[in-house]
Every structure is written in C-alpha cells, then in structure tokens.
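The values are calculated or read from the model by the stated rules, or taken from the named source; none is laboratory data. Note that the coordinates shown come from a computational prediction; the quantities given were computed from them, not determined experimentally. All Cβ positions, glycine included, derive from the backbone under ideal geometry; neighbour counts span all protein chains shown. The accessibility values were calculated without ligands, DNA or RNA, using every heavy atom of the protein model including side chains. Shrake-Rupley method; radii C 1.70, N 1.55, O 1.52, S 1.80 Å.
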Amino acid sequence: KGAKAKKSRSSRSSRAGLLFPVSCVARQLRRGHFAERFGARAPVYLAAVLQWVTHKTMDVAGKISKKSKQQRISPSHLQTAMQKISVLKQLLRGSVPRRHVRTVPQSQRVASPSKKKMTKSKKR
C-alpha cells in the first residue's frame, strides 16, 4: 500500500517537445556569465529559438539545393538561405527585428500618476 510508483525520468527537452538540448543551453548560459541569475524557462525558450532558426535555415537551404538539382546542402546554399530570410538577415546584421506596434494618439494617452514624496517618518 505505502509503496510509491517511481517517476520515469524525462529530459527538459522532451518535456518541452524540443530536439535541441535544454540542459546544454542552460550550462552555456551559466558559463557565459550573461547574467547573475536567469529563470528556469530561459534555456527552454532559447533552445526553442535556436531550433526554429536552424529549422527555417535548413528548410530554405534544402529548397535551394533541390532547385539547383543537387542532393547535398552546401555552405553556399546555407549562405543564400540566410540572405533570403529577412528576419535572419537582420539578426546577422546586429539589428533587432521588431514587430509593428500601433502607437496610441497623444489625446488618448493617460497621464501617469506622480510619485508621492516619502515623508520623514517613512524614511529609514
């Protein structure tokens, strides 16, 4: 009665449904000293982004190699694929791709409340 069922071990990658290793990404984040602390979901998100970038690049490079009637993807196919994908092109340049955000007209903006000054009794 009191015996508990053993949990089967599963990797963070399999739990997230990713092919890229989440634990390796987490280790590289720690070793890189990018931040003092980072959340548990940060390596999962980064691994997902890396997997998406790789998938998109290889997909376009595969189509380019098929078009040129070759069975193997060569470095030139990858280079051409990177130039064709606008988001990756911006990333390689160093600029951050941004989504188009609607701006709120000046008349509809709400004034932010001013910060109250702390009284001497509240200061410590």
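Structure values in brief
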{"quantity": "Search result, residues across the range 67-92 that are out of contact with any Pro (no Cβ under 8 Å at 6 or more places or on another chain), open to solvent by less than 70 Å² (accessible area, probe 1.4 Å) and under 12 Å from LYS56 (Cα atoms)", "calculated": "LEU78, ALA81, MET82, ILE85, LEU88"}
{"quantity": "Unique match (being assigned to a loop (DSSP other than H, G, I, E, B) and either at pLDDT below 90 or under 21 Å from LEU18 (Cβ atoms) (or both)) among VAL44, VAL87, VAL96", "calculated": "VAL96"}
{"quantity": "Residue selected from the range 25-41 under the condition among the hydrophobic types (A, V, I, L, M, F, W, C) and not in a helix (DSSP H, G or I), by the criterion least open to solvent (accessible area, probe 1.4 Å)", "calculated": "ALA35"}
